[in-house]
Amino acid sequence: MLKTSRRTIVAGAALAAVGWAGSAAAQETVKIGAVYPLSGNSASAGEYSKMAMEVGVDVINNGNAELAKIMPLAKGGGLPGLKGAKIQLIFADNQGTPAAGQNQTLRLITEEKVAAVIGAYQSGITLTASAIAERYGIPFLTPESVAANLTERGFKWFFRTTPVAIDFAKAYSAFLKEQKAAGRKVDSVALVHENTEYGNSVASVIAEVFGKDGLSITQNISYSANSTDVQPQVLQLKEKNPDALIFISYTSDAILYAKTMKELNWKPGIMIADDAGFNDPSFVKTMASSVEGLVNRSAFAGGKPGTVPYLFNELYKKKSGGADLDDVSARGLEGFLVMADAINRAGSTDPAKIRDALKATDLKADQMVPGYDGVKFDDKGQNTLASSLITQMRGGQYLAIWPKDRATAEVILPYKGW
């Protein structure tokens, strides 16, 4: 009996030790899930975002002396609020489909036991993935999905750092009205958009804002995402010949439209891209010479030496083999940094405490990687300080042209193309 009791005591002590060690180990690593397209038609955007976030992880875990002068978390050694816990960013491939995004988010939460989730680039995938996080009570932050309805679902665990469709629509409207005042024709505007959550939502908001502002949408063309032939749509445009054209498309579609427009020898006087595929580094590398003068939106335009965007861009170039941060990767990196800041302030991996810390976020402009005025969430989870630039393709790179106080180059129109 005595031996049995001693064995029981020893075994119990051993189990207690194992339990304590497991608890201690849990504090050494904070798991954050990231659901992105690492395969499929948007894989390029997903891979660049992945590299950008990995740079952020390295800065927090290992430090950067220059960034530490501006950002406390860049001192290295992990998260001070969790006694130096290191961040482990676990990526999951959403394969460019809502179903895969949903399944991968579920796996990250139930199997990987992540404390929070970031994602998922495409708005239609963010819609399904964030619904899973909401069901399980896990904070979900999207750095780049812009569909208007994402913050209109009454969710309590959803946050968004990026500017959204209403911001872009107002920027496009103001830009086009300035061009009209300068003597350019903008009497007819065509919208061409893919038919997922992203394209439908943004096109709807633009049409509404333009209608209120007296800009005439004369064509509104919806097409199937990931099309293999867009000649019918381009021929419709060529027939009506609108003064301005706005594209809302992901990468493979953006490349196909640019090629088809060149083949059919048609271009508008002003061509605007709603970021996404037209900003993907693979699009820029492949099609830049065919879209000279393309107007685009962006939240990222580099920065002066010593600033947060400049320093992160230098680190990113080393990791990416020389590529600069682009709009999407910069917004992804910022989303990760916001989540890391919240977890640090929460001082815990408890989801409810992280959510409360996110709600209390108040970051300033000088800490931003993209050109936001800061990060502060409203009661729907939308960043009220997000802002956007308008850029133009010049010699293979996008330069900021609007608003004037943030421009680095003058507007050159009409659109040159090829």
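Centroid-to-centroid, using Cα positions, region 158-182 and region 96-117 are 32 Å apart.
Return an integer: the convex hull volume of the alpha-carbon atoms of the chain, in Å³ per residue.
Residue-normalised Cα hull volume stands at 141 Å³.
Specify whether the C-alpha gyration tensor of region 139-246 places it in the rounded, prolate or oblate class, a ≥ b ≥ c being the square roots of the eigenvalues: rounded for a/c under 1.5, otherwise prolate if a/b is larger than b/c and oblate if not. Provide the component values of the computation, followed by the final result.
Working: a/c = 2.82, a/b = 1.43, b/c = 1.97.
The shape class here is oblate.
Helix 165-181 axis versus longest C-alpha principal axis of the chain: approximately 30°, rounded to the nearest ten.
Ranking Ile60, Pro309, Gly395 by Cα position along the charge dipole of the chain, where only Lys, Arg, Asp and Glu carry charges on their C-beta atoms, puts Ile60 farthest toward the positive end. For the residue pairs Lys113/Lys364; Lys31/Lys304; Lys31/Lys83; Lys113/Lys380, alpha carbon separations beyond 22 Å are given by Lys113/Lys364; Lys31/Lys304; Lys113/Lys380. Taking other residues whose beta carbon is less than 12 angstrom from the beta carbon of Val186, and scoring Lys, Arg as +1 and Asp, Glu as -1, yields 0.
Between helix 308-320 and the chain there is an angle of about 80 degrees, using the helix long axis and the longest principal axis of the Cα atoms.
Within a 10 angstrom radius of the beta carbon, how do Ile118, Ile90 rank from fewest other beta carbons to most? Present the calculation step by step, with values, prior to reporting the outcome.
Working: Ile118 28, Ile90 15.
Exposure proxy ranking, most exposed first: Ile90, Ile118.
The Cβ shell under 11 Å around Ile221 holds other residues with a net charge of 0, Lys and Arg each +1, Asp and Glu each -1.
Would you give the gap between the C-alpha center of region 218-261 and the C-alpha center of region 331-391, rounded to a whole Å? With region 218-261 and region 331-391 each reduced to a Cα centre, they are spaced 35 Å.
Would you mind classifying region 236-275 by shape? Square roots of the alpha carbon gyration tensor eigenvalues, ordered a ≥ b ≥ c; an a/c under 1.5 is rounded, otherwise it is prolate if a/b is larger than b/c and oblate if not. Here region 236-275 falls in the oblate category. Nearest 5 percent is fine: what portion of the DSSP beta bridges confined to the chain is antiparallel? Of the beta bridges lying entirely in the chain, close to 30 percent run antiparallel. Under 18 Å of direct C-alpha separation, and excluding same-chain neighbours fewer than eight residues apart, Lys359 reaches these aspartates and glutamates: Glu134, Glu152, Glu334, Asp341, Asp350, Asp373, Asp378, Asp379. Here the dipole of region 200-328 is about 300 debye; that uses its Cα centre as origin and unit charges on the Cβ of Lys and Arg (positive) and Asp and Glu (negative). Between the listed residues Ile272, Asn383, Ala409, the Cα displaced farthest toward the positive end of the dipole of the chain, a dipole computed from Cβ unit charges relative to the Cα centre, is found at Asn383.
Angle of helix 123-136 to the longest C-alpha principal axis of the chain, folded into 0 to 90 degrees and rounded to 10: 20°. Near Trp266, once Lys and Arg are set to +1 and Asp and Glu to -1 for all other residues with Cβ below 11 Å from its Cβ, the sum equals +2.
Placing +1 on the Cβ of every Lys and Arg and -1 on the Cβ of every Asp and Glu, with nothing else charged, gives region 282-417 a dipole about its Cα centre of roughly 220 debye.
Measuring between alpha carbons in the structure, the pairs from Lys180/Lys317; Lys180/Lys259; Lys170/Lys267 lying more than 32 angstrom apart are Lys180/Lys317. Using C-alpha pairs under 8 Å with a sequence gap of at least 6, the mean separation divided by the residue count of region 57-163 gives a relative contact order of 17 percent.
Give the aspartates and glutamates reachable from Lys185 as a straight Cα distance under 19 Å; neighbours fewer than 8 places away on the same chain don't count. Answer for Lys185, where 19 Å is the Cα cut-off: Asp213, Glu239, Asp243, Glu410, listed by chain and number. When a/c reaches 1.5 or more, the comparison of a/b and b/c decides; with that in mind, is region 168-300 rounded, prolate or oblate per its Cα gyration tensor? It comes out rounded by the Cα gyration axes.
Remark: the chain carries a charge dipole of roughly 1020 debye about the Cα centre, counting +1 on each Lys and Arg Cβ and -1 on each Asp and Glu Cβ.
No value in this document is a laboratory result; all are computed from the given coordinates. Nothing here was measured: the structure is a model prediction, and the numbers come from that model. Cβ: placed from backbone, ideal geometry, glycine included. Neighbour counts: every protein chain shown.
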